[in-house]
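Enquirer: Before I ask anything, let me first share the structure, which is written out below as structure tokens.
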Amino acid sequence: MVVVYTGEGKGKTSAGLGLLVRALGNRNKVAFIQFIKDWGVSEHIFLRDIQPLYKDQLYFYKGGKGFYKAGELSAKLVSEAQHKRAAQETYDQALLAATSGKFDLVICDEINNAVHDGLLSSTKLRQLIDKRTPKTSLCLTGRDFPRQLLPLADIVTDMKKDKASL
């Protein structure tokens with residue numbers, strides 16, 4: 001199964017983490033591959049803290065060099081080449097996890113942003129989907145999932161922001 005959480009609203013990573021919790025509860029093996037976010041966000045702390053409990057049932061890889069082409073939020077002192085290299089290295093981890101046969105679920109958090117921002121091609125994303133082993137489900141999160149790849153997904157949830165906090 002290929003599950004996509006995309007859109008402008010909040011909750012895409014949280015939804016992916018929900019799949020992780022359910023999969024671990026079912027004794028499945030999960031790889032959580034983090035694109036973009038390189039600072040100490042709460043999900044990193046959570047995954048680091050639970051990893052000893054789940055040992056080889058949970059693999060966590062934190063890649064990326066921070067936000068790219070995001071105005072004030074963009075990572076400082078990181079070149080385009082460094083962003084692209086980090087995205088490729090993170091993609092390599094995701095592809096290895098998805099094609100190894102070791103994992104039941106591979107979550108690629110913020111991969112959609114990496115594709116939209118030009119750090120990875122949509123062709124690479126398609127290869128990830130196509131080359132995964134039959135037993136491996138993918139969860140792809142981040143804004144701007146490529147429309148041309150929608151037919152490859154089994155479930156697509158568009159997180160919509162109805163109201164901003166004041």
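The values are calculated or read from the model by the stated rules, or taken from the named source; none is laboratory data. Everything quoted here is computed from the prediction, not taken from an experiment. Neighbour counts run over all protein chains shown; Cβ positions are idealised from the backbone, glycine included. Surface areas here come from the heavy atoms of the whole protein model, side chains and all, with no ligands, DNA or RNA. Shrake-Rupley method; radii C 1.70, N 1.55, O 1.52, S 1.80 Å.
Enquirer: Identify the residue in region 87-109 that is crowded, with 22+ Cβ neighbours inside 10 Å and of a type in the set (A, V, I, L, M) and, among all such residues, is nearest to S137 (Cα to Cα). So that I can check it myself, show each step before the final result.
Expert: Just the residues of region 87-109 that are crowded, with 22+ Cβ neighbours inside 10 Å, to begin with: 87, 90-91, 94, 97-98, 103, 105-109.
Subsequent filtering for residues that are of a type in the set (A, V, I, L, M) retains 87, 94, 97-98, 105-107.
Values: A87: 21, A94: 12, A97: 11, A98: 8, L105: 5, V106: 6, I107: 8 Å.
Here the answer is L105.
Enquirer: If a residue must be under 21 Å from L19 (Cα atoms) and more than 14 Å from the chain's Cα centre (by Cα), how many such residues does region 97-129 contain?
Expert: Matching residues across region 97-129 total 6.
Enquirer: Against the conditions (1) part of a loop (DSSP other than H, G, I, E, B); (2) surrounded by fewer than 19 Cβ atoms within 10 Å (Cβ to Cβ); (3) in contact with a strand residue (DSSP E or B) (Cβ under 6 Å, 6 or more places away or on another chain), where does D38 fall short? Just the number, please.
Expert: So D38 meets the others, but not (3).
Enquirer: Counting only residues that are open to solvent by 100 Å² or more (accessible area, probe 1.4 Å) and under 13 Å from V4 (Cα atoms), how many does region 129-166 have?
Expert: Here is the first cut: in region 129-166, the ones open to solvent by 100 Å² or more (accessible area, probe 1.4 Å) are 131, 134-135, 147-148, 151, 158, 160-163, 165-166.
If we keep only those that are under 13 Å from V4 (Cα atoms) as well, we get 147, 151, 158.
Count: 3.
Enquirer: Within region 12-59, track down each residue that is among the charged types (D, E, K, R), farther than 17 Å from D104 by Cα and in contact (Cβ under 8 Å) with a residue 12 or more places away in the chain.
Expert: Quick first cut of region 12-59, residues among the charged types (D, E, K, R) only: 12, 22, 27, 29, 37-38, 43, 48-49, 55-56.
Still in the list and also farther than 17 Å from D104 by Cα: 12, 37-38, 43, 48-49.
Selection gives K12, K37, D38, E43, R48.
Enquirer: Just one of (1) within 15 Å of L138 (Cβ to Cβ); (2) open to solvent by 30 Å² or more (accessible area, probe 1.4 Å) trips up L120, so point out which.
Expert: Every listed condition holds for L120 apart from (2).
Enquirer: Inside region 82-109, can you point out the residues that are under 22 Å from D158 (Cβ atoms) and at pLDDT below 95?
Expert: Residues satisfying the conditions do not exist here.
Enquirer: Among the candidates G25, G11, G16, G66, which residue alone is buried (at least 19 other Cβ atoms within 10 Å of the Cβ) and either hydroxyl-bearing (S, T, Y) or out of contact with any Gly (no Cβ under 7 Å at 6 or more places or on another chain) (or both)? I'd like the intermediate steps shown before the answer.
Expert: Numbers: G25 fails: buried (at least 19 other Cβ atoms within 10 Å of the Cβ); G11 fails: buried (at least 19 other Cβ atoms within 10 Å of the Cβ); G66 fails: buried (at least 19 other Cβ atoms within 10 Å of the Cβ).
None of the others qualify; the one that does is G16.
Yes/no per residue for (1) under 21 Å from V30 (Cβ atoms); (2) modelled with pLDDT of 95 or more; (3) not aromatic (F, W, Y):
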| site | (1), (2), (3) |
| --- | --- |
| P134 | yes, yes, yes |
| S137 | yes, yes, yes |
| L149 | no, yes, yes |
| D162 | no, no, yes |
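Enquirer: Additional query: Confirm whether D49 is over 27 Å from N26 (Cβ atoms), open to solvent by 20 Å² or more (accessible area, probe 1.4 Å) and not small (G, A, S). First the steps, then the outcome.
Expert: Numbers: over 27 Å from N26 (Cβ atoms): no; open to solvent by 20 Å² or more (accessible area, probe 1.4 Å): yes; not small (G, A, S): yes.
When the stated conditions are applied, D49 does not pass them.
Enquirer: Only one of (1) in contact with a strand residue (DSSP E or B) (Cβ under 8 Å, 6 or more places away or on another chain); (2) within 20 Å of T13 (Cα to Cα) fails for L152. Which number is that?
Expert: (2)
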